[in-house]
Every structure is written in structure tokens, then in C-alpha cells.
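The structure appears below as C-alpha cells.
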Amino acid sequence: MNAPISPRPGYRTDTLPLGNSFAALPPAFFTRLMPTPLPAPYLVGASASAAQLIGLEPAEFTTREFIETFSGNRTPDSALPVAAVYSGHQFGVWAGQLGDGRAILLGDVPDCSGSGNGWLELQLKGSGLTPYSRMGDGRAVLRSSIREFLCSEAMHGLGIPTSRALCVTGSDQYVLRETPETAAVVTRIAPSFVRFGSFEHWFYNDKIDALRTLADYVIDRFYPVLRDAGNPYQALLQEVTQRTAHLMADWQSVGFMHGVMNTDNMSILGLTLDYGPFGFMEAFDAQHICNHTDRQGRYSYRMQPQMGEWNCYALGQALLPLIGSVDATKAALEPFQAHYLARLDRLLHAKLGLASTQQQDRALLDAMFGLMQANHVDFTLFFRLLCELQIDDAGADAPLRDLFLDRPGFDAWAGQYRSRLRQENSADIKRRLAMQAVNPKYVLRNYLAQVAIEKAQNKDFSEVAKLLAILEKPFDEQPEHAAYAELPPDWASTLEVSCSS
Ligand code: AMP
Ligand code: MG
């Protein structure tokens, strides 16, 4: 628990002390510009817990000031809004210059959470055209904005590093996607939105001085202890590699799939960033592709750890001129798999309520995933129901067992699991409580988001608020919301999410 250590300052929207340290970088790093106003914006949803991070009073949410500011219609006098430039590899191919095509950094405010490095940036996403919009319209639709808002806060609730989301505002202005949809703005919060692609940008443009300026900025502001390392740039790569490996393990452990792990969507702070066609695994299939646009499955569930590593190598390539040698660069990247596997192993042991690690555990886990795959078992339900297992009462397995078509297969596995638990004298109640604290009951299933989106498209925002409240406490039983933890309805299987947002 991160209890706030500083007294809550109780800012109002117009007294937020906005600075902009990113805008103090040389002008080539960004373009100064104003958000483009949206007609008659209204509040779709807001997170009190995100507001608390920046000391903003939740009473502000309903004020005109708040809605106008976070839809980009009114810019605080002290703000120096900018759109940042970056490049990146998209689906493994160098894509050249990208940049904040529809996001505008309002600035940074003091971090009131008592953790972190001292500042948090506020960024409007969907706030209009920028010099980096390319063929886009600078806008985001209500659908994708609600998804990003809810998932950011849900991931935080799961304890997984992520950018946060303060609010979503909407407008009746139409935006053309496959069908006409309405525009929205999501206000994101993170210590920094610098991406792997921000470094690649300078490397591929052969601007090594700018590359160094960016690396120094990131080290001094976010990784100050690395200054003391023999080679701070190598230390930076080492640290980002570790954080990324850990993030991949965190994602795998809850069945989260990002969908577009391009290097321009990879956070230099190891945060989950840029929510688009993400998904949570339902019927388990290691090859599942959550992004309809990703035909080849580059970012399928099972590929995520490898792609995370691939992205770290792309970052390593970009940092090579600063690190100074291929060997030192490789040495920083090499531990990725070890970091990933160690973290995953720890997380999976916790998910199974195993207090110790033994050699045979690998086989137990492989058999478990094999059965889940063969039986299309719902990922979240499986682990949550596993918490209830009683060592000496196989009869109590019924709800869990019912997830499997192959009941004898399940029984055989459960038998192995039981003997493993007996070996360490596991106690049912104690294990259940420990397992429930790491196996969420509630995740943002696509269909749950879809229900909230469709209501919001009809101006009923109650489901957005309700889902947010449930997903903020994903490990709590919340028996009154048990329906939100059930198997998805049949119509959910026809839902498709793509890069269109
Ligand atoms: P993404 O894959 O969503 O992270 O986006 C890749 C790039 O496309 C980024 O540079 C985005 O800023 C840009 N982009 C995506 N959608 C739009 C849009 N509607 N208008 C302008 N730029 C966009
Ligand atoms: Mg992006």
C-alpha cells in the first residue's frame, strides 16, 4: 500500500501547479501547440484515485473548469503544451517518424502519492491535430477512450505498472472510423511518456547529441541513481531491460495482451502504455491474438515476452552510440530472459499458492497450461476458482472441474497439485487468502467494456463508473458484482478489436 505521505494539497483545476520539464528540452524534441477545442464537452468518467495522485479534489470533476480543461478547450495560463516527436518499429518494420499525432502534453505537476520521482505529466489524448498526425485526424473515439480509461485504472488495481487515467470527456462531434463515432479525450497521467521510439528517433536520424540529451534527461529525472554507474547509458539499458522483462511476466500472469507492442508504444519507465486493441485472455489459447489487425500474430499472448525482448534490443541498438561497445550493450540485454523467467516463476507459484519451489513444479505448470489450452478454460475464472480448492475434499472442486470438458484430465492434474500442496503442508484457508490476493476475480473483459461503451454512446455513463469501481478492487470478492466475474456471454465471441481507435 502506498499511503500518501504528503498532506493532500486539495488543488482545484485552475490552481494545479503546472510546469513542463519536457518542454525545457531543445526545441527539436517537440512542437509547441494548443489543443483543438471540442464542441460542448461533457464528462464521461473520472478516477478519484488518479486525481488523488496529483492532489486534485474529486469535487472538481463536475465543474466546468475541469471538463473544459481536460477536453482541451481551456488551457491553464501556466501550461506550455507540446506534442513530442518519436519514431519506431511497427510490427517489426522501421516506420520512421511518428510522434504524438493526437496527444498533447499539458505539462507536469507534483506527484502527491509519495512514491515516484516527484512529478507526474498530464497528457490529453485525442486533443486534435499536431505536426505528427500524418494521415490521422488527431482525434480519438469514445469507444477507445473508455477502453483506455478503464484498463489503465484496472491495471493499476492489479498492481501492474501502467500509465494512469484521470478522466474521459466526450463531445457529440463526429469522427469517421469504419462507422461514424463521436470524439473523446482521455487524460493520461505518468511520470513520463518517453518511449523506446523516442531514442530510436535520434539514432536513426544520426543525431547523437540529441540522443545523449534525451538519455541524460531520462537518467537525471527518472533514474538518478544510475548516474553513479561506470557507464550510465549501459545501466539505463540494463534497468529498462529488467523492467520490461518484469512487465511481460506481469502481463502473462493475468492474461493481459497489449495488442500493439511496437517500439513507439514501449515505455522507457517499464509502464503499460498506449492502450489500443488490448484484451484479457478468456478461453485459454497461448496463440490468441487480441488485435484483429495483427494477422500474423506477432503480438499474440505467447509471443509477448519475446517481443518485449525484441523491443529491448531495438532500444539497445539506439543506445549503442552512447554505451560505446556492442559487448557492453549485449551484456545489458542478455539478462532479459532470466529476469522474465524468474519473475514469471515467482508469480505462477503465488498464483498456485505454492510457498516453495521444487523441480517438479515446471511439469505441474506445463500440464496445467496444456489442460487449460485443450479445454479452452477461462483464464481468470480458473485461477480464481483454484483458490477454493480443498486438499482433502475433491468433491468441493465441482465449479472448477466444470470448466473442463476433460474431467478425468482435470482430476489427474488436481491429484498432482494436491500432493504437491501436501508436501509443503499447505493449509486451505491460509492458501485461499494468499491466492485470492494475487488471482483477480474481476478483469476488464472485452464484453464488459462493450456494454459500458454502448451505454455511454447513449449518454448513460453509469456503467463506466460502475466498472471503474469494480476494477479498482479486482481481488475483492464484491459478491454484489459476482455477475461481472462470470464467463462471457455467447455474443462476446463476435467482438473484434482492431487498431482503429
Ligand atoms: P498507435 O499504434 O495507436 O500507438 O499509433 C501509432 C501512431 O499513429 C502514433 O504516432 C499516433 O500518434 C498516431 N495516430 C494514431 N491515431 C491517430 C489519429 N487519429 N490522428 C493522428 N495520429 C494518430
Ligand atoms: Mg502509440
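Just so it is clear, none of the values below were taken in a lab; they were calculated from the coordinates. Everything numeric here is computed off the predicted structure, so don't read it as measured data. All Cβ positions, even for glycine, are placed from backbone atoms using ideal geometry, and neighbour counts span all protein chains on display.
Structural remarks
- Relative contact order of the stretch 70-158, defined on C-alpha pairs under 8 angstrom at six or more residues apart (%): 23 percent
- Remark: C-alpha extents of the stretch 137-272 on the principal axes read 54, 36, 22 Å, sorted largest to smallest.
- Where Rh is the Kirkwood radius over Cα pairs, Rg/Rh for the stretch 142-218: 1.13
- Net +/- balance of residues flanking Gly107 in space, Cβ distance below 12 Å, scoring K and R +1, D and E -1: -2
- For the stretch 35-143, applying the loop criterion from DSSP together with a ceiling of 14 other beta carbons within 10 Å to the trypsin sites (Lys or Arg not before Pro) yields Arg134.
- Long pairs among Lys430/Lys455; Lys207/Lys330; Lys351/Lys466; Lys351/Lys459, criterion Cα-Cα beyond 31 Å: Lys430/Lys455; Lys351/Lys459
- The chain, relative contact order [Cα under 8 Å, separation at least 6], %: 15 percent
- Where GluC sites (Glu not before Pro) fall in DSSP loop in the stretch 144-210, at most 11 other Cβ within 10 Å: Glu178
- Overall form of the stretch 360-501 per C-alpha gyration tensor (a/c, 1.5; a/b vs b/c): prolate
- Expressed in units of 2.2 N^0.38 Å, where N is the residue count, the Cα radius of gyration of the chain is 0.98.
- Under the membrane-span-like helix rule (DSSP H runs whose alpha carbons stretch at least 30 Å along the helix axis, mean Kyte-Doolittle hydropathy -0.5 or higher), the chain yields 232-254.
- Kirkwood-based Rg to Rh ratio, the stretch 34-79, C-alpha trace: 0.97
- With semi-axes defined as the square roots of five times the eigenvalues of the C-alpha gyration tensor, the equivalent ellipsoid of the stretch 112-184 measures 27, 15, 10 Å, largest first.
- Calculated over the stretch 39-162: convex hull of Cα atoms, volume per residue (Å³): 142 Å³
- The relative contact order of the stretch 370-501 comes to 26 percent, based on Cα pairs under 8 Å that sit 6 or more residues apart.
- Average projected area [Cα convex hull, the stretch 186-225], square nanometres: 3.4 nm²
- For the chain, the Cβ-based charge dipole about the Cα centre amounts to some 380 debye (Lys, Arg positive; Asp, Glu negative; other atoms uncharged).
- Arg147, Arg432, Arg227, Arg343 arranged by Cβ crowding within 10 Å, fewest neighbours leading: Arg227, Arg432, Arg343, Arg147
- Classified by the C-alpha gyration tensor, the stretch 330-400 has a prolate form. Its axis ratio a/c, with a ≥ b ≥ c, is 1.5 or above, and a/b is larger than b/c.
- If you sort the three axes of the alpha carbon gyration tensor as a ≥ b ≥ c, you get a/c of 1.5 or more for the stretch 450-492 and a/b no higher than b/c, which makes it oblate.
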